[in-house]
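Take a look at the structure below.
The values are calculated or read from the model by the stated rules, or taken from the named source; none is laboratory data. All values derive from a computational prediction rather than experimental measurement. For neighbour counting, all protein chains shown are included, and Cβ atoms are generated from backbone atoms with ideal geometry for every residue, glycine included.
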Amino acid sequence: MSYYNHITDDLDAMLAVLPEDIRAALRRIGRRDELLEAILDLGRVPTARYTDKEVVLRDTEVTQEDIQYMVGRVGEFDADNRAGIARTLHRIAAIRNRKGDIVGLTCRVGQDDDAARGGPGPGGEEAGRRRGYFQRDRR
């Protein structure tokens, strides 16, 4: 493994910001190489998106305490509501309510340049999530 791969592929660094029960669920599932993102939205069950499906990580909804735990571990978010994990390509995107409070977090697994080509681009995953929620809420 090259030095570059070690730095960008450190999934444990991203998992460390998640609450312990979410980390444990991801460990039980395995499939580390297929994990795209973990999604924790206030009032919804936490999920993980893999290359072929989405998996519920626990039966109980994400709480404000879960969100605060993660924010405390990630630190400051930029003006575009993103934070990175030092020395990795992993990024955390925050969704805020109208008051500016963080009500959702997407932990996106960093990908090398070749894998990232063709991805949604800046803001793409948040817009896609919102479209998915609007569609889901209409059912």
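With the requirement that a residue be exposed (fewer than 14 other Cβ atoms within 10 Å of the Cβ) and under 14 Å from the mean Cα position of the chain (by Cα), what does segment 10-31 give you?
Hits for segment 10-31 are D12, A16.
Before we move on, is L18 under 15 Å from V109 (Cβ atoms) and assigned to a strand (DSSP E or B)?
Values: under 15 Å from V109 (Cβ atoms): yes; assigned to a strand (DSSP E or B): no.
Criteria not met by L18.
Of the numbered conditions (1) surrounded by 11 or more Cβ atoms within 10 Å (Cβ to Cβ); (2) without any contact (Cβ under 8 Å) to a residue 24 or more places away in the chain; (3) touching an Asp or Glu at 6+ places or on another chain (Cβ under 9 Å), L57 fails exactly one; give the number of that condition.
The failed condition is (2).
So which strands (runs of 3 or more DSSP E) stay within segment 48-139 end to end and still have 1 or more residues that are at pLDDT below 90?
Values: elements: 54-56, 82-84, 91-96, 102-108.
Answer list for segment 48-139: 82-84, 91-96, 102-108.
Where the second residue is part of a helix (DSSP H, G or I) and the first is without any contact (Cβ under 8 Å) to a residue 24 or more places away in the chain and lies in segment 30-43, which pairs have Cβ atoms under 7 Å and are six or more apart or on separate chains?
That search, which allows pairs on different chains as well, returns R32/L11.
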